[in-house]
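Peer 1: For reference, the structure I am asking about is given below.
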Amino acid sequence: MEICIFARHRKIKICKNQFETAPSKRFCASQNNWFHGYKLYGVCSINGIFHSLDITKAEVHDVHFLKNIKQQISDCVLLGDRGYLSQSIQLDLFQTVNIKLETPKRANQKDYKPQPYIFRKSRKRIETLFSQLCEQFRIRNNYAKTFEGFKTRILAKITALKLAQYINKFIFDRPINNIKNQTI
């Protein structure tokens, strides 16, 4: 989640009140560019309902998020992207809280085999959820000046998504993630 254009990252003062919450720079492989800001981590169900969220500096590696997840959930299967390929982390999650972490392997790895269809389909649903946050709720456009304001705006947008899901499910009896439908 970008705070500013990367070319301006040395000049800005947005969210730099405290070192612990100051944004940092990181390379985004999926978009093939550098960005200055934060990372948003989300754990959601197969249906696309968020269960927990976390915001870290951009420089924090994805695997470090899994240390926090051990205290929140247990006895389940997590679907992750290729950022969570660490065998030692997967083994630790399984031994401590019985979480099986399923990640697709890279084609050039020794034990490569395609991920089962059900996992690919579920992973696509989760990616669609994040795309909806970006496109319909414009989560990347955030004009906060402090980290508290940034967190508040992110939380407000995710709450709006969850409200749309609730209205679809319990009021109109529609598919939960058709959030572009007219509510009235």
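Just so it is clear, none of the values below were taken in a lab; they were calculated from the coordinates. Computed from a predicted model, the values in this text were never measured in an experiment. Glycine gets a Cβ as well: all are built from the backbone with ideal geometry, and neighbour counts include every protein chain shown.
Peer 1: Once fully extended, how much extra length lies between ALA22 and ARG82, figured as 0.36 nm per residue of separation less the alpha-carbon to alpha-carbon distance?
Peer 2: Difference between extended and current length: 19.0 nm.
Peer 1: Show which aspartates and glutamates lie in cross-link reach of LYS113 when reach means a straight Cα distance below 18 angstrom and same-chain residues fewer than eight apart are skipped.
Peer 2: Filter leaves ASP81, GLU102.
Peer 1: Here's something else I'd like to know. Which value, in debye to the nearest 20, gives the size of the charge dipole of the range 8-64 about its Cα centre, when Lys and Arg are +1 and Asp and Glu are -1 at the Cβ?
Peer 2: Dipole size: approximately 500 debye.
Peer 1: Under 23 Å between alpha carbons, and skipping anything fewer than 8 positions from LYS11 in its own chain: which lysines qualify?
Peer 2: LYS25, LYS39, LYS57, LYS145, LYS151
Peer 1: What is the set of long-range amide H partners of ARG174 at a cut-off below 5 Å, with H atoms built 1.01 Å from backbone N?
Peer 2: Result for ARG174 returns LYS169.
Peer 1: Using a 10 Å cut-off on Cβ atoms, rank the peptides 88-94, 98-104 from the highest mean neighbour count down.
Peer 2: 98-104, 88-94
Peer 1: Given [x] 0.98; [y] 1.28; [z] 1.12, which label gives Cα Rg over 2.2 N^0.38 Å as computed from the coordinates?
Peer 2: [z]
Peer 1: Go ahead and set up a Gaussian network model of the chain, Cα springs under 10 Å, then flag whichever of TYR143, TYR38, TYR84 fluctuates most.
Peer 2: Top of the fluctuation ranking is TYR143.
Peer 1: For the range 1-101, what relative contact order do you get, as a whole percent, if you take Cα pairs closer than 8 Å and at least 6 residues apart?
Peer 2: Once normalised by length, the contact order is 20 percent.
Peer 1: Loop-only trypsin sites (Lys or Arg not before Pro) in the range 105-164, please: DSSP not H, G, I, E or B, and at most 16 other Cβ atoms within 10 Å.
Peer 2: Of the trypsin sites (Lys or Arg not before Pro), the ones in loops of the range 105-164 whose Cβ has at most 16 other Cβ atoms within 10 Å are LYS105, ARG106, LYS110, ARG138, ARG140, LYS145.
Peer 1: Which net charge results for the neighbourhood of PHE6, defined as the other residues with beta-carbon distances under 12 angstrom from its beta-carbon, given Lys and Arg at +1 and Asp and Glu at -1?
Peer 2: Every neighbour counted, the sum reads +4.
Peer 1: Also, I was wondering about something else. In the neighborhood of SER24, defined by Cβ-to-Cβ distances under 13 Å, what is the net charge if each Lys or Arg adds +1 and each Asp or Glu adds -1?
Peer 2: That works out to +3.
Peer 1: May I pose another question? Positive end of the charge dipole of the chain (Lys, Arg +1 and Asp, Glu -1 on Cβ, about the Cα centre): tell me which of PHE50, CYS134, TRP34 has its Cα farthest that way.
Peer 2: Of the candidates, TRP34 comes out farthest on the positive side.
Peer 1: As a test of the formula, what do you get for the chain when each DSSP H run with n ≥ 4 contributes -39,500 (n - 2.57) and the sum is divided by the residue count, at 222 nm and rounded to the nearest 500 deg cm²/dmol?
Peer 2: It lands at -9500 deg cm²/dmol.
Peer 1: Work out how much length SER74 to ASN98 would gain on full extension: take 0.36 nm times their residue separation and subtract the Cα-Cα distance, in nm to one decimal. Working shown, then result.
Peer 2: Numbers: separation 24, 0.36 × 24 = 8.64 nm, distance 0.59 nm.
Here the segment from SER74 to ASN98 would lengthen by 8.0 nm.
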